[in-house]
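Structure record follows, encoded as C-alpha cells.
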Amino acid sequence: MTIARGTKNMTLYMTTDGYGLTKMAEGREDPNLWHQRFGHISSQRLKCLHSRGKLPGLKSVEVDFYKSCILGKQKRVSFKKTRRASVKEKLELVHTDVCGPASVSSIGDKQYFVTFIDNHSRKVWGYFLRHRSNVFEAFKKWKAMVENKTGLKIKKLHSDNGGEYKYNEFKKFCYKSGIKLIRIVPGTPQQNGIAECMNRTLTERARSIRLQSGLLKQFWAEAVNTAAYLINRGPSKPLDLAIPEEIWTGKEVKLSHVKVFGCVSYVHVSDHARSKLDAKSLKCTLVGYGEDEFGYKLWDDQNRKMIRSRDVVFNEKVMYNDRNAEPSEQREPDYFGPEDVSGGKAVEHGSNHGVEKQSVQPQVEKPIPQNEILSPQSPIGQRVLNP
Ligand SMILES: [Zn+2]
C-alpha cells in the first residue's frame with residue numbers, strides 16, 4: 001500500500017504536500033496528521049492513544065506508517081527489553097545522561113543537553129546547557145522543582161561515568177541531600193541503558209521533525225524539547241503503554257492542542273500591541289509547547305525572536321520550509337475572537353484550508369499574557385550530538 005510519495009533527500013523521503021497524505025475521508029482527521037503531530041509515532045502507539053479516546057476527530061487508525069515514515073526509513077534502534085526495576089514511588093530512582101556538544105549551537109546558544117528520567121513514571125525532563133559543567137546547576141534546579149511539586153525526595157541518581165558527575169561538589173551535594181549516586185563501571189555502557197536510550201530516541205525524533213519542517217539546525221533544542229514533550233504524552237513501552245505524564249501527575253492528559261512541529265502559525269496580536277494599520281496576526285512557526293501552562297512557543301522569523309502565545313491559528317499543511325510559497329489567501333486568516341470558539345472544539349476556517357483555530361481551553365480562567373517573550377530556551381521537558 002502506498003501511503004505517500006516523495007523525493008529522497010539524504011536518508012529522508014520528503015513528501016511534497018504539507019503532510020503527505022490526502023484526507024482519508026472528508027470532514028475527518030487524517031491518521032497521518034496525528035502521526036506527524038506526534039513526531040512520527042508508530043501505528044501501534046497511535047492506535048493505543050485512539051482506543052483511549054485521546055485523538056479527537058479521528059475515526060480510525062487503519063494505516064501502517066512504517067513504509068512512508070521518515071523515521072521508518074532510518075535505521076531502527078533496537079531496544080533491549082529493559083528490566084523494569086521494582087520502583088514503587090516517584091523520584092525513588094532517577095536516570096541521567098548528558099549529550100553533546102552539538103555540531104551547531106542552538107538559537108539560545110546552547111551546546112549540550114542533560115536529561116533526567118524518573119524511573120517510576122518514565123517522564124523525561126531536559127535542560128539545555130552552554131557547557132558540560134553546567135550539569136550540576138541544572139540538576140539542582142530540577143531537583144528543587146520536582147521535589148516541591150511532589151513533596152517527595154530523590155533517593156537514587158543513576159548516571160554514566162561522565163566527568164560531570166564525578167566533581168566533588170556534585171558528590172558532596174548528593175551526599176548532603178541523602179541521594180545515593182550510582183555510577184556505572186567504565187566499559188559497561190549497557191548499564192545506563194535507560195538514559196542513553198532516551199537520549200538517542202530524543203535526538204532521532206528531534207532530527208526527523210526538524211528536517212520535515214525545514215527549520216535549520218539551530219532549532220535542534222526546540223525540536224528536542226518538543227520530542228520530549230511528545231514522548232511524555234505517548235504510550236510508553238516500559239509502562240505497558242501507560243502515559244508517563246499521567247503516571248507523574250495522576251491526571252488525565254489531553255492531546256487536542258498538539259500540532260505539527262514547524263508548521264506555519266498565525267499569532268493574534270492584541271489591539272493594544274498594534275497600531276491601526278498593523279496586521280491582526282503575526283506569521284510565525286510552531287516550535288514547541290509550554291510545560292505546565294497551556295501555550296505554544298513560536299518563532300517569529302521576521303523579527304528573529306521567540307514568542308509565547310495561546311492565541312494561534314495553525315496551518316498544518318504548510319511547513320516553515322514553504323512558508324513563502326503559501327497561497328496568499330492563507331496568509332492572513334481573519335482572527336476569530338474567543339466568542340467564536342464553541343465548547344473547546346476546534347473551529348474550521350473556510351473550506352478545507354487546513355487552517356484551524358486552536359481554541360482556548362474553557363477551564364482555564366487566569367489570563368495568560370498574549371505575546372510573552374521567552375528566553376529562547378526555557379528549561380523544559382529535554383539532548384544532541386549531530387542535530
Ligand atoms: Zn512518519
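Values in this text are rule-based calculations from the coordinates and carry no lab data. Since the model is a prediction, treat every value here as computed from it, not as a measurement. A quick note on method: Cβ atoms are made from the backbone with ideal geometry, for glycine too, and the neighbour counts reach across all protein chains shown.
Below are the figures for this structure:
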quantity: Those residues of the stretch 147-183 whose amide nitrogen sits under 18 Å from the label point placed on K251, 7 Å along Cα→Cβ; calculated: 147-152
quantity: Candidates per trypsin sites (Lys or Arg not before Pro) in the stretch 164-254, loop by DSSP, up to 14 other Cβ within 10 Å; calculated: K166, K251, K254
quantity: Rg to Rh, two decimals, where the stretch 220-321 supplies the alpha carbon set and Rh follows Kirkwood; calculated: 1.05
quantity: Potential lengthening between L152 and K88 on full extension [0.36 nm per residue; Cα-Cα distance subtracted]; calculated: 21.8 nm
quantity: Global geometry of the stretch 83-177, whether rounded, prolate or oblate, following the gyration tensor of its Cα atoms and the 1.5 cut on a/c; calculated: prolate
quantity: Neighbourhood charge, 15 Å Cβ-Cβ cut-off, centred on I107 and excluding it, Lys, Arg +1 and Asp, Glu -1; calculated: +4
quantity: Estimated FRET transfer efficiency when R0 is 30 angstrom, pair L239-R304 (beta carbons, to 0.05); calculated: 0.15
quantity: Neighbourhood charge, 14 Å Cβ-Cβ cut-off, centred on E252 and excluding it, Lys, Arg +1 and Asp, Glu -1; calculated: +3
quantity: Nitroxide proxy distance, nm - points 7 Å out along Cα→Cβ at Q44 and E326; calculated: 3.7
quantity: Simple spin-label estimate for R183 and F136 in nanometres, 7 Å along Cα-Cβ; calculated: 1.3
quantity: Taking D240, D30, D278 and counting other C-beta atoms within 10 Å, the order from fewest to most; calculated: D240, D278, D30
